[in-house]
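Below is the structure I would like to discuss, written out as structure tokens.
The values are calculated or read from the model by the stated rules, or taken from the named source; none is laboratory data. Not measured: the values here are computed from a predicted model. Virtual Cβ from ideal backbone geometry, glycine too; neighbours counted across all protein chains shown. These accessible areas exclude ligands, DNA and RNA; they are computed on the full protein's heavy atoms, side chains included. Shrake-Rupley method; radii C 1.70, N 1.55, O 1.52, S 1.80 Å.
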Amino acid sequence: GENVEQHPSTLSVQEGDSAVIKCTYSDSASNYFPWYKQELGKRPQLIIDIRSNVGEKKDQRIAVTLNKTAKHFSLHITETQPEDSAVYFCAASFGNEKLTFGTGTRLTIIP
Amino acid sequence: SAVISQKPSRDICQRGTSLTIQCQVDSQVTMMFWYRQQPGQSLTLIATANQGSEATYESGFVIDKFPISRPNLTFSTLTVSNMSPEDSSIYLCSVVGTESLGNYGYTFGSGTRLTVV
């Protein structure tokens, strides 16, 4: 089955700086890669996703890049703000089948 | 995206008892899943709820412990049976639709925080 690794497990950045979280996946058939933000006590919320026919996708301060050959994808957050502090999860799936999640990254933005 | 109502939001249960969690979606979805999230951990898939047939369980999860029903395209239940303190966790329903159904992407319910004493 699919295995998703995520790094780093914790990340602290100064407000205004950029943050990058990286994930690798094992199943070359996976074709959908979402990123979720989870604040304390709340459900995971989809913040951006990418499909395997696209190499990069951007939404305001958030971008995701995908390298299918290397089987890794990354989340980039620019101009970080205190409200970006949360746990971020990457995930991978094939079609509409089950999502396999990474282990999570606790991002802390230092004011 | 689809709107999910998950109930109860939290419960404290005695060991040896069972709890049934409900997941109601406001529109038809293609797939429904049940996840467990232990404190400070990632999400682990328990099973895929199949409409009108037995759920598909992941390694380490069995039907006797986590019976699941999905009688139609918008509703599913997960039962945590014969509970022990190790079952204390957050249980989350997740659904995925298609663009043709008007609800695209994976969405999560608000979760059920279960404490077994």
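Within the set of pairs 6+ apart or on separate chains, which have a first residue in the range B:31-55 that is within 24 Å of A:Ser9 (Cα to Cα) and part of a strand (DSSP E or B), a second that is among the acidic types (Asp, Glu) and open to solvent by 10 Å² or more (accessible area, probe 1.4 Å), and C-beta atoms under 8 Å apart?
Here the result reads B:Thr44/B:Glu58; B:Leu45/B:Glu58; B:Ile46/B:Glu58, each pair linking the range B:31-55 to a residue that is among the acidic types (Asp, Glu) and open to solvent by 10 Å² or more (accessible area, probe 1.4 Å).
Assuming B:Thr79 fulfils every condition listed in (1) surrounded by fewer than 20 Cβ atoms within 10 Å (Cβ to Cβ); (2) assigned to a loop (DSSP other than H, G, I, E, B) apart from one, which condition is it?
(2)
Can you tell me which residue in the range A:17-32 is most open to solvent (accessible area, probe 1.4 Å), limited to those that are part of a strand (DSSP E or B) and modelled with pLDDT of 95 or more?
A:Lys22
For every residue, the table says whether it meets (1) touching a helix residue (DSSP H, G or I) at 6+ places or on another chain (Cβ under 8 Å); (2) of a type in the set (Gly, Ala, Ser); (3) within 14 Å of another protein chain (Cβ to nearest Cβ).
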site: B:Ile12; (1), (2), (3): no, no, no
site: B:Gly16; (1), (2), (3): no, yes, no
site: B:Gln38; (1), (2), (3): no, no, yes
site: B:Ile46; (1), (2), (3): no, no, yes
site: B:Glu54; (1), (2), (3): no, no, no
site: B:Ser59; (1), (2), (3): no, yes, yes
site: B:Val62; (1), (2), (3): no, no, no
site: B:Pro67; (1), (2), (3): no, no, no
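Additional query: Can you find a residue that is more than 14 Å from the chain's Cα centre (by Cα), within 14 Å of chain A (Cβ to nearest Cβ), over 20 Å from A:Gly41 (Cα atoms) and open to solvent by 10 Å² or more (accessible area, probe 1.4 Å) anywhere in the range B:18-33?
Yes, the range B:18-33 contains a residue that is more than 14 Å from the chain's Cα centre (by Cα), within 14 Å of chain A (Cβ to nearest Cβ), over 20 Å from A:Gly41 (Cα atoms) and open to solvent by 10 Å² or more (accessible area, probe 1.4 Å).
Could you give me the residue pairs with C-beta distances under 7 Å whose first residue belongs to the range A:75-98 and is within 12 Å of another protein chain (Cβ to nearest Cβ), whose second residue is open to solvent by 30 Å² or more (accessible area, probe 1.4 Å) and of a type in the set (Phe, Trp, Tyr) wherever it lies, and which are 6+ apart or on separate chains?
Pairs found: none.
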